[in-house]
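Chemist: Structure provided below as structure tokens; questions to follow.
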Amino acid sequence: MENLNFFNLHKANVRNSCILGLSVPGPKHQGTSFKTFVYAVDVYQISVFCFMIYGIFYQTRIHSILVDIDAAYCTLFGFAVSLYYSFCTENFKRILHQIDELTDACLSDPLDGSRSFREKIITENAVISRCTSIIPLSMSLCPFIFYAVTIVKMFKFNPEKNNDQRFLDKIDHSQIAEAVQVIVSMMSIQLGITRKASAEWFLLSLMAHIRTYFNHLQATLLQVFQLNQNSSEERFNSQCSKFSHIGNLPNHTQDVALPAAGDKLKLWIQIHQKLLRLTEDLIKVLSPLLTFYLINITSLSALTVYAITMDKELNLVEKISMGYFGVTSMITLFFLCFFGSQLYHKSEKLAEAAFWKSFENGSNTVGKDVHSCLRLIFWRTHSPVVFAPYKSPTFTFTNESFVSFSRSIISFFFAIKKIRSMTY
């Protein structure tokens, strides 16, 4: 069976989680050594976070601590993701098992005669798996570049000393200790940023799977009614030839095709119900993470923009590294909202199309038992699939919400600017 472990996308997510110390369920059982590694990384990150907070309290000027607050946010998010994954591992196992069952149902779906679902899911997985493999790695380079410049600034060489002195004699030992502290913090920030990107693309991969299922249901829905119409015409013609010699044509030719249409639609409804249950369970499990993520990405982006535009002590390389991190984070947020918006509209229109398609040309195409199922789905889709923390009507992952997030970031930016002006 071609389950999640068959696709490169999930393999990339599992590989990232193993490297970063995140407990995403994979094909192999996570042993004691891996759990020890996860515990050690978490202790390291929370220790560095406390050290950063301790250092921030001793700063007096706002513009001088913005970078440190940015770094503390990234470290905190990395630790929060690991803590959340460890509590939700069993829930993720159940959800991934549901995805495997749904994938198997779509792959063996007799309505998909051309087997287009397999081609679509492999194609979409190939595109997103590349992003899942490349983007988290590229984002981890941002703190490395930023703090590499900081370390270079720390070491001041004395040209007046003789050339025969050793390299270490030219360096103040207090600078070495400070550089070690910066390197320790830099590695923790890299880990936090990479964990943030991996969590974002793990969520994107799940949303991409769900979108592929909706596309499959949309395609097979047309096949249901098209095959039913062809079957009705064939049976009508055969009945015409059978009774033409006595001049007695059947008046209810559609009743002949009702059992076939009913079976096809019942199968379609079963897959649709599985998909709705999967999305409900997934949103329920992800709600705490989505809440923390939206708060984090809004404040983090505003602080990054402010540090780039207002901090005159940053050089060009440092601004470019921070700018790349901020732009990439916003692009990822846009993709999350874009996929969420697509799922919202597809889930809203799909069952409605099935319900009204069955009344095409003013006549019933299917039986009453199937109509009752269609009415149930039509009623459920009055609340379309929407990714939001705790089903919030305000903070949702849609295109409209992305505009609201951007406005919130701008508002937070001006609030920081106003606080800075009040301190002088």
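Chemist: Going down the list LYS153/LYS417; LYS196/LYS284; LYS284/LYS391; LYS264/LYS346, which pairs span over 18 Å between their C-alpha atoms?
Modeler: Numbers: LYS153/LYS417 27 Å; LYS196/LYS284 20 Å; LYS284/LYS391 8 Å; LYS264/LYS346 21 Å.
The answer is LYS153/LYS417; LYS196/LYS284; LYS264/LYS346.
Chemist: Ranking request for peptides 292-305, 45-58, 9-22: highest mean number of other beta-carbon atoms within 10 Å first, then the rest in descending order.
Modeler: For the peptides 292-305, 45-58, 9-22, the packing ranking is 9-22, 292-305, 45-58.
Chemist: Testing the spin-label approximation: label points 7 Å from Cα along Cα→Cβ at PHE334 and GLU348. State their distance in nm.
Modeler: 2.2
Bear in mind these aren't lab numbers, they're just calculated from the coordinates by the rules spelled out. Given the structure is predicted, the values throughout are model-derived calculations rather than measurements. Because the Cβ atoms are built from the backbone with ideal geometry, glycine has one as well, and the counts that use them run over all protein chains shown.
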